[in-house]
Structures are given as C-alpha cells and as structure tokens.
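The values are calculated or read from the model by the stated rules, or taken from the named source; none is laboratory data. Predicted model, so just to flag it, every value in this text is computed and none were measured. Here the Cβ is made from the backbone with ideal geometry for all residues, glycine too, and neighbour counts use every protein chain on show.
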Amino acid sequence: MSTLFSPTRLASLALAGAAVALLAGCSSTRPPEGIQAVAPFELARYEGRWYEIARLDHRFERNMNDVSATYQQQPDGSVRVVNRGFDEVKKEWREAVGKALFTGSPQTASLKVSFFGPFYGGYHVAALDPGYRWAIVVGPDRSYCWILSRDRQIAPALREQLTTRVAALGIDPQNLIWVSQQRKDPQP
C-alpha cells in the first residue's frame with residue numbers, strides 16, 4: 001500500500017479537513033442577530049488611527065494597553081489593518097497586520113477581517129459618531145465589542161453615553177475592560 005493513501009494519512013487529512021471546516025463555520029462574517037452595521041458609511045472618513053478605549057476580554061489582547069488600530073484603504077479596495085499595543089507582561093510593543101474586505105456595499109460598515117490567512121471574522125461598526133470621532137464595533141457575536149476613539153481619552157459624559165449604547169446592543173457593559181492609554185506608541 002502506498003504511504004500517500006495509507007489509513008493513517010487519510011485519517012490525518014480527514015481530521016485536518018474537519019478542523020478547517022469547523023473553524024470556517026465558527027467565524028461568521030455577519031453582524032450578530034439584531035445588530036445592524038452603520039449605513040451610510042464613508043471609509044475615507046474612517047481611515048487613520050483609532051485608540052481602543054474599551055473592549056471585551058479575549059486572549060489575543062489579554063494584558064494589552066495603549067492599543068490602537070490604523071485603517072488604510074488599499075488600491076484593490078481592501079483595507080489594511082494594523083493593530084498595535086503594549087504587552088504589560090512581556091513589556092514590549094506587539095503588532096498584528098491584517099486585511100479587511102467589505103462583506104457587501106462599501107457604504108455599509110460591515111467587513112470581514114483576517115489576521116490569519118484564509119480565516120475571516122466579522123467587523124461591524126454598530127454605532128458611529130457623525131463626525132467620525134468615536135465608534136462602537138462588534139464582531140461576529142456579542143462576545144466581541146470595542147469602543148474606539150480618535151482621542152486617547154474620552155470625557156466621562158461620553159463614556160457613560162457609549163456604555164449605554166453598548167448595553168442597548170445586548171452587551172453587558174460591566175464586562176468591558178477600560179484600556180489605559182498612557183504610553184506613546186514609538187511608531188506613528
């Protein structure tokens with residue numbers, strides 16, 4: 001029997017295929033039920049650096065402060081995403097570069113983002129300041145939520161307003177982690 005088609009090799013390939021199918025099925029690129037992405041949306045106004053003011057906890061951002069995200073439209077219509085933050089445990093800056101694509105019309109703030117090759121997750125702007133000064137972003141479900149701002153700090157009244165908006169989306173604001181923005185990122 002050829003080793004190319006041995007039972008062990010076939011079982012390994014089947015397991016790998018099942019894992020890929022499972023991961024692809026788990027990472028929805030649609031907004032959570034009951035949440036609509038902002039429309040009309042202007043990517044040209046959204047481009048640039050945003051500071052992470054608050055987030056729900058996830059392992060990929062655990063122990064991170066001074067987090068920012070920079071968005072830049074590419075010639076092919078995709079969006080380059082650069083996330084940077086300071087890891088408080090390792091005492092170093094970390095960076096992740098990804099790619100975002102609109103899931104439909106570019107006038108609707110619903111995108112899919114990938115930092116890991118072919119696997120995409122939803123990125124949906126659920127609330128946006130008319131002047132593009134702050135945004136509330138959700139992922140494929142309500143366990144992903146970020147409050148972003150063009151400024152490193154927000155006023156207490158705005159914080160309360162955004163917390164109320166997060167609650168209206170069906171997300172418990174008690175679970176938000178308020179991100180410190182004390183360090184100056186060495187890369188603009």
(request) All but one of (1) surrounded by 10 or more Cβ atoms within 10 Å (Cβ to Cβ); (2) of a type in the set (A, V, I, L, M, F, W, C); (3) part of a loop (DSSP other than H, G, I, E, B); (4) at pLDDT below 90 hold for Phe41, so report the exception by its number. (result) (4)
(request) Any chance you could count how many residues in region 53-74 are farther than 14 Å from Ile147 by Cα, assigned to a strand (DSSP E or B) and not hydroxyl-bearing (Ser, Thr, Tyr)? (result) 3
(message) Residues to consider are Val138, Val179; find the one that is under 19 Å from Tyr71 (Cβ atoms) and either free of Cβ contacts under 8 Å to residues at least 12 places away in the same chain or in contact with a Pro (Cβ under 7 Å, 6 or more places away or on another chain) (or both).
(response) Val138
(request) Go through region 114-132 and give me each residue that's without any contact (Cβ under 8 Å) to a residue 60 or more places away in the chain, part of a strand (DSSP E or B) and closer than 17 Å to Glu52 by Cβ. (result) Phe115, Tyr123
(request) Give the number of residues within region 3-38 that are modelled with pLDDT under 85, loosely packed, with under 10 Cβ neighbours inside 10 Å and within 26 Å of Leu169 (Cα to Cα). (result) 1
(request) Please work out if Leu162 is touching a Phe, Trp or Tyr at 6+ places or on another chain (Cβ under 7 Å) and either closer than 19 Å to Val67 by Cα or hydroxyl-bearing (Ser, Thr, Tyr) (or both). (result) yes
(request) Please indicate, with yes or no, whether at least one residue in region 137-147 is within 15 Å of Ala37 (Cα to Cα), in contact with a Ser or Thr (Cβ under 9 Å, 6 or more places away or on another chain) and of a type in the set (Ser, Thr, Tyr). (result) no
(request) Any chance you could count how many residues in region 75-113 are of a type in the set (Gly, Ala, Ser), without any contact (Cβ under 8 Å) to a residue 40 or more places away in the chain and assigned to a loop (DSSP other than H, G, I, E, B)? (result) 3
